[in-house]
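The values are calculated or read from the model by the stated rules, or taken from the named source; none is laboratory data. Predicted model only: the values in this text are computed from it and were never measured. Don't worry about glycine lacking a Cβ; one is built from the backbone with ideal geometry, like all the others, and counts go over all protein chains shown. Each accessible area value is taken on the protein alone, full model and side chains, heavy atoms only, with ligands, DNA and RNA left out. Shrake-Rupley method; radii C 1.70, N 1.55, O 1.52, S 1.80 Å.
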Amino acid sequence: MSTRYPKIVTRLLLIFIVVGLSQVVVSNSYAQGGHGPVFTLATPTLGQGELSFDVMAMSTRQGNSAWMLRQNWHYGLTEDIQLNISVPTPLQRIANPPQGRLGTMMGSYGDLEVSGLFRLFKTYPGVGQRFESTLLLSGSVPTEDKRGGLHVGPSLHGGLVTGYASRTFYGWAGGGYQYYTEQHNDRLGDIAYVTGVIGYRPPVFQHDYPKPDWRIFVESVTEWVGNNEMGGLEQPNTGGTKSLLGPSVLGLYGKWGLSGGILFPVYSSFPGTQDSESYRLNFVLSYWF
């Protein structure tokens, strides 16, 4: 992985980690917040002072298969504000990786991303139930000079999600937009997307630690990718639309979490001879400090 990060980003990473480690406290409910579906927007945030770390193995196929690891840090600054860092480690690159956010909390292929979750609204209609809305704001820098033959610039992203969670059922709907800046007169197409997810927690798993806790989800993502620009000119036969759908699971036990899922295309429309994305696969191992 290239180390071509601006100095300000490196400093932000160091400040984030030092502040998080200096203020972290151990919670008796290790996995009650800050974790949900694998691919889509969701509203949960960590409790104040809580710190978690994810190691994610992810793969996608567009013509050829690409494999990547991601290291994700999450810190609850307050009960309603969560800070995040997602660092990619490519294992197997492909010449033309798919343009899209491979997961809402980790940015696009090859991007290092710093983000914040801000819970704007919450209400509790009953015991163990809540309606809430959360805003996700992030900025990213690429870890390579070129992607798909184009120079890659930093990007800005914003997303909004609202939904319902209880001890048994979950449902969230949201959407967002990612804007890429120009780099050496090239620019990747912007990404607009909507996501939706429903989840179920069987009664047999509705118990507190030390008993295990499992949830199942059905997740959907639809992305609209704009045309790329090369040398200041818009490229024809780039961009397109794709919708993906698939299952995922989340298991929690004490300080540990394990989740995984796969999405398959149910609709795709790409001009020219572009390859469509064949699948999107993620496995995540989490630890709450």
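Here are the numbers:
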item: With Cα atoms, 0 to 90° folded angle of helix 7-23 axis to the chain main axis; result: 10
item: Ordering of 224-235, 251-262 by burial proxy (mean other Cβ atoms within 10 Å per residue, highest first); result: 251-262, 224-235
item: Accessible-area composition of the chain, carbon plus sulfur, in percent [1.4 Å probe]; result: 62
item: For the chain, accessible area per residue (1.4 Å probe, heavy atoms of protein chains only), Å²; result: 45
item: Highest average packing first - 87-93, 188-194, 38-44, 122-128, Cβ atoms within 10 Å; result: 38-44, 188-194, 87-93, 122-128
item: For peptides 166-172, 73-79, sequence by mean Cβ density within 10 Å, most packed first; result: 73-79, 166-172
item: Charge dipole (debye, nearest 20) of the chain; +1 at Cβ of Lys and Arg, -1 at Cβ of Asp and Glu; result: 520
item: Hydrodynamic radius (Kirkwood) for the chain, which is based on Cα pairs only, to one decimal in Å; result: 19.4
item: Whichever aspartates and glutamates have a C-alpha closer than 19 Å to that of K255, once near sequence neighbours (fewer than 8 apart) are set aside; result: E50, D54, E79, D208, D213
